[in-house]
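The values are calculated or read from the model by the stated rules, or taken from the named source; none is laboratory data. Just so we're clear, the structure is a prediction, and the values are computed from it rather than from any experiment. We place every Cβ from the backbone using ideal geometry, glycine too, and count neighbours over all the protein chains shown.
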Amino acid sequence: MRNVRIIGAPTDFGANRRGVDMGPSAIRYAGLADELESADTEPMDGGDLFVPRAEERDPDADAPPDGRAKFLGETAAVSRQLGNEVARALSNGETPLVLGGDHSVAIGSLSGTAREADVGAVWFDAHADLNTPATSPSGNIHGMPLAAALGIDEFADTEWANAPRLSPENIALVGLRSVDPAEQELLRERGFAAYTMSDIDEHGITDVVEEALSIATEGVDGLHVSLDLDWLDPNVAPGVGTPVRGGVTYREAHSAMEMVADTGVLRSMELVEVNPTLDQHNETAELATELAASAFGKRVL
Ligand SMILES: NC(=[NH2+])NCCC[C@H](N)C(=O)O
Ligand SMILES: [Mn+2]
Ligand SMILES: [Mn+2]
């Protein structure tokens, strides 16, 4: 039986403090442990990482460097802790399930999961999250984690420069529908496998996810799944900070997660961007728990 190590990362520093730090509580309250048990796994909750409250700090202490990457220091501190927790769970033979928090937590989970192994990743998201501090339109680090994990440009002189990297050949983005100009350029230049919603319209979710998974798992030891809840259409996942219309349906999302389980090589996963202050009756948190169960192998029959 698979032991799933739940790691809460209650940070909203990467999303400019909008309440997404309450995600881990909301996801647990939505019944995560029961869902994971129904997927025949053994959930082990390691609690939450320590994330400082912005209200407790001196507001002038660390103004962001030219306002382009907000809360860089705080985010680096969370990433460091999270990377260690993820690596520790893996060395105990557990499968880390990280609860965000905004998508900046991926910097930590990716560096932890890639520490002792070659890892591929599928990024289920409306966004590409490939901005850098120089290209970001918002300065929010949740729009940058994939660039940070790949060590692109400016991240080269941050402490993430030496973080374990994923190789770009084993990364696939699925469900794109909001991509900034600099991200478009990067995607084209570096030749990442990137599937837009139009690709899903044209080929269907099954074919697209099958291809994405085969790219991400080719020649590596394991798969990391990064699930941003804004991947789904806002009508089923309203509780996210940066919703974009035209996302995948409830059924498409489950089908994709079932295919993740079928690879048999899921190594680590994260559920990010659930924001209870924007949700309706916790339904986005519930959806997150259900999708995790599907990815861990829950079946009807
Ligand atoms: N993980 C997310 N929800 N990212 C949204 C990013 C939005 C936009 N591309 C930005 O960089 O600011
Ligand atoms: Mn997103
Ligand atoms: Mn994202």
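Taking (1) touching a Phe, Trp or Tyr at 6+ places or on another chain (Cβ under 9 Å); (2) under 19 Å from residue 98 (Cα atoms); (3) touching a residue at least 60 places away in the same chain (Cβ under 8 Å); (4) not acidic (Asp, Glu) in turn, residue 293 satisfies each apart from (1). All conditions but one from (1) farther than 17 Å from residue 275 by Cβ; (2) surrounded by fewer than 17 Cβ atoms within 10 Å (Cβ to Cβ); (3) modelled with pLDDT of 90 or more; (4) not small (Gly, Ala, Ser) apply to residue 55; the one that does not is (3).
Considered as a group, the residues in region 167-191 that are in contact (Cβ under 8 Å) with a residue 60 or more places away in the chain and on the phi < 0 side of the Ramachandran plot include one that is farthest from ligand 2 (Cβ to nearest atom), and that residue is 174. Using the structure shown, decide if residue 281 is away from ligand 2 (no atom under 16 Å from the Cβ), under 30 Å from residue 17 (Cβ atoms) and part of a strand (DSSP E or B). The answer is no for residue 281.
Within the option set 297, 264, being over 16 Å from the mean Cα position of the chain (by Cα), within 16 Å of residue 33 (Cα to Cα), away from ligand 1 (no atom under 16 Å from the Cβ) and modelled with pLDDT of 95 or more holds for one residue only, 297.
Considering only residues in region 132-144 that are within 11 Å of ligand 3 (Cβ to nearest atom) and not hydrophobic (A, V, I, L, M, F, W, C), the one that is farthest from the chain's Cα centre (by Cα) turns out to be 140.
Assess whether residue 270 counts as being of a type in the set (Asp, Glu), within 16 Å of ligand 3 (Cβ to nearest atom) and modelled with pLDDT of 95 or more. Spelling it out, residue 270 is indeed of a type in the set (Asp, Glu), within 16 Å of ligand 3 (Cβ to nearest atom) and modelled with pLDDT of 95 or more. Of everything in region 238-278 that is under 27 Å from residue 215 (Cα atoms) and of a type in the set (S, T, N, Q), the residue that is nearest to ligand 2 (Cβ to nearest atom) is 249.
Restricting 32, 36 to those that are surrounded by 23 or more Cβ atoms within 10 Å (Cβ to Cβ), under 21 Å from residue 238 (Cβ atoms) and in contact with a strand residue (DSSP E or B) (Cβ under 9 Å, 6 or more places away or on another chain) reduces the list to 32. Residues of region 16-29 that are under 30 Å from residue 265 (Cβ atoms) and either in contact with a helix residue (DSSP H, G or I) (Cβ under 6 Å, 6 or more places away or on another chain) or surrounded by fewer than 24 Cβ atoms within 10 Å (Cβ to Cβ) (or both): 26, 27, 28. The set of residues in region 136-157 that are farther than 22 Å from residue 17 by Cα and either at pLDDT 95 or above or of a type outside the set (A, V, I, L, M, F, W, C) (or both) comprises 151, 153, 154, 157.
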